[in-house]
Ligand SMILES: Cc1cc2nc3c(=O)[nH]c(=O)nc-3n(C[C@H](O)[C@H](O)[C@H](O)COP(=O)(O)OP(=O)(O)OC[C@H]3O[C@@H](n4cnc5c(N)ncnc54)[C@H](O)[C@@H]3O)c2cc1C
């Protein structure tokens, strides 16, 4: 039932990760981890009722966005969407992720909501999920036995289900270091401004002149989890990118997606636009190889 009043819960406020993991080991799936709370608290007003909320708010040092050319990008569990939007290095080198954060929600939800929360929320329509999957990377988890890394390709198991165990905290999102010729693009279609995506897509390419040396293509809201479109990737890999090739790729995308009808759209519409959107993000990714887009081109200037 929908209500403005939150159900009763106990708030746990650990001051470090070891304490957080200890509390999660004690309370198991009775406890929900909270970063920005922009999804969790909404869920609790429409039926979710965890006995404990374990907030990460008192743990220092989790709000970083750090880059180095060898290891790539690391985004800490408490780094907000706004921090990512304000990061020049993310805009320059991880453009799809930047744009997925920039178009995510409202200024208020971007100031509170986190990128890692978006990944852990595991919504098939999650914008940062889609962009992060296209960039490629992993989630660093900390549990009682220590730290482990799970590749994003294996992180989402089913609708809103991840590889995280109930006694683990997601510490950071890691994205691969950009290679020479690297570019990326993201796009989402929504019913209205600030709505969740009815379909989204992201691409990361590595170009050698006009030839696509490598590509990762991801799409959201077309399956129970954010989908990697491997058949469509095969069409582009090692080929000179022409309009005809992009049409072939779009046809492969339409075969690969598994959309459903829901409140935001129909399966038929999603399948049709999936090909168009995939072409658009691949073209955007290729354009971005030439150089980073200035902020202004995304602010209507
Ligand atoms: C008005 C509004 C607009 C929105 N618009 C968009 C949009 O355009 N695109 C979009 O993708 N989303 C949107 N969202 C959803 C949400 O705001 C984002 O997904 C946000 O990134 C979630 O981050 P958070 O830190 O608030 O997550 P939380 O609400 O804190 O957590 C989300 C889930 O992840 C788990 N979790 C979070 N952090 C961790 C961690 N470190 N370890 C383990 N588990 C963790 C929580 O237990 C919970 O299940 C919107 C929400 C609202 C209210």
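Counting only residues that are over 22 Å from residue 232 (Cα atoms), give me the helices (runs of 4 or more DSSP H) lying completely in the stretch 59-160 with at least 1 of them.
81-85, 88-93, 95-102, 107-112, 115-121
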Check: Restricting to the stretch 86-109, what's the tally of residues that are under 25 Å from residue 169 (Cα atoms) and near the ligand (Cβ under 8 Å from one of its atoms)?
Finding: 5
Checklist line | Residue in the stretch 111-119 that is in contact with a helix residue (DSSP H, G or I) (Cβ under 7 Å, 6 or more places away or on another chain), in contact (Cβ under 8 Å) with a residue 40 or more places away in the chain and surrounded by fewer than 23 Cβ atoms within 10 Å (Cβ to Cβ) present | finding: no
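Could you pull out the residue among 175, 152 that is farther than 15 Å from residue 227 by Cβ and touching a strand residue (DSSP E or B) at 6+ places or on another chain (Cβ under 8 Å)?
On inspection, the qualifying residue turns out to be 175.
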Margin query: I'd like the full set of residues that are touching a residue at least 60 places away in the same chain (Cβ under 8 Å) and out of contact with any strand residue (DSSP E or B) (no Cβ under 7 Å at 6 or more places or on another chain), limited to the stretch 23-46.
Written below: 25, 28, 29, 37, 38, 39
Item checked: Selection status of residue 55, closer than 20 Å to residue 108 by Cα, in contact (Cβ under 8 Å) with a residue 12 or more places away in the chain and either outside the structural domain of residue 164 (by TED's automatic domain parsing) or under 22 Å from the mean Cα position of the chain (by Cα) (or both) -> yes
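The values are calculated or read from the model by the stated rules, or taken from the named source; none is laboratory data. From a predicted model like this one, the values you see are computed outputs, not experimental measurements. As a convention, Cβ positions derive from the backbone with ideal geometry for all residues, glycine included, and neighbour counts pool all protein chains shown.
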